[in-house]
Amino acid sequence: MDSLKNYSEILAALDQHQYVADEELATALFLMLRLRKPLLLEGPPGVGKTEIALVLSELLATPLIRLQCYEGLDINSAVYEWNYQKQLLGIKLQEGSGLSVAEKEKHIFGTDYLLKRPLLQSITHESGSPVLLIDELDRSDEEFEAFLLELLSAFQISIPEIGTIKATHKPYIILTSNRTRELSDALKRRCLYHWIDYPSLDKEMAIIRKRLPEIESELLTQVVEFVQELRQRKLAKTPGISETIDWAESLMALGYRELNRKAIEQSLGSLLKSVDDIRAVKDEAASVRHE
């Protein structure tokens, strides 16, 4: 982190790790690193929000700890739970020990019996600060979101049987949201914020070129123009950058050097992930004349 003295150096470092970013995102990452504040990334699916955390862990040479959010996510899955079988064995071994009830409880509710889940792992990591990715937070419920406030503001977690556990090393926290629901103001106040949108034509071409340097220039232009036009339509699943990369790579694997009707019809499953979207585009592909 010491070598990343400004956003320009972060831009260069991201580029070396095959991630094409702009100054605004590089600035947000710089401030997250310098101020040690969580960073909330919002935007449509498939624009590279999750990838940022993966690249950042490589850039900082530190472990990535990921919590994938979903409806019904609870503390047992996200933070900790007790190893009940080990506790029962501990109770059995203490029989006839002469210890008081309080002493027995203190023993079996010690850290040796604690199963650490991602959030607790992130603040008890011994060798430096890990990157903690809380992915798709909008898929969890408001109750879990409220639980995060202590971690985001004080880098600590309270466990009733033990007390408050403070971070050994403050993790670098990145939260992502596809904005399927609005996150609370309380959570947003504790975070830096950045919106990642679908890229411009030139930026998406640069991303594809970075990932697929062998792609023909004509095919690259046609693929990105086609995807950009699709995003203007009302689709069941709008293709993200990752789908553009997959499609371009599939076309190259099939031997296409330019886009034509057959290429589109043959490879749409790499780009679109809805049968209705595929059928609609195939119907329109008859009017495409790139042969």
C-alpha long axis of helix 49-60 to longest principal axis of the chain, angle in ° | 70
Using R₀ = 22 Å, calculate the FRET efficiency as 1/(1 + (r/R₀)^6) where r is the Cβ-Cβ separation of residue 126 and residue 246; round to 0.05.
-> 0.05
When N counts the residues of segment 201-283, how does its alpha-carbon radius of gyration compare numerically with 2.2 N^0.38 Å, as a ratio?
-> 0.99
Might you report the magnitude of the Cβ-based charge dipole of the chain about its Cα centre, with Lys and Arg at +1 and Asp and Glu at -1, to the nearest 20 debye?
-> 460
For the cross-link pairs 92/116; 49/203; 237/262; 49/282; 237/282, which exceed 19 Å when the distance is taken from alpha carbon to alpha carbon?
-> 92/116; 237/262; 49/282
Built amide H within the under 5 Å cut-off of residue 66, gap 5+ = 133
Between residue 236 and residue 58, the FRET efficiency computed from the C-beta separation at R0 = 30 Å comes out, to the nearest 0.05, as 0.35
Would you mind computing Rg(Cα) / (2.2 N^0.38 Å) for the chain, counting N as its residues?
-> 1.26
For residue 283 and residue 258, extending 7 Å from Cα along the Cα-Cβ vector and measuring point to point gives, in nm, a value of 2.9
Rg to Rh quotient for segment 180-246, alpha carbon positions, Kirkwood Rh | 1.12
Pull up all non-local amide H partners of residue 74: gap of 5 or more, or a different chain, and H-to-H distance under 5 Å with H placed in the peptide plane.
-> none
For residue 80, list long-range residues whose amide hydrogen, built 1.01 Å from N in the peptide plane, is under 5 Å from its own amide hydrogen.
-> 117
Determine ³J(HN,Hα), in whole Hz, for all residues of segment 238-248 in sequence, where each value follows from phi through the Karplus function 6.51 cos²θ - 1.76 cosθ + 1.60 and θ = phi - 60°; x replaces Gly and Pro.
-> 5, x, x, 5, 4, 5, 4, 4, 4, 5, 4
Additional length obtainable on full extension of the chain from residue 273 to residue 156, 0.36 nm per residue less Cα span | 38.1 nm
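Values quoted throughout were computed directly from the atomic coordinates according to the rules given, and no laboratory measurement underlies them. Keep in mind that what you see is a predicted model, and the values were worked out from it rather than measured. We place every Cβ from the backbone using ideal geometry, glycine too, and count neighbours over all the protein chains shown.
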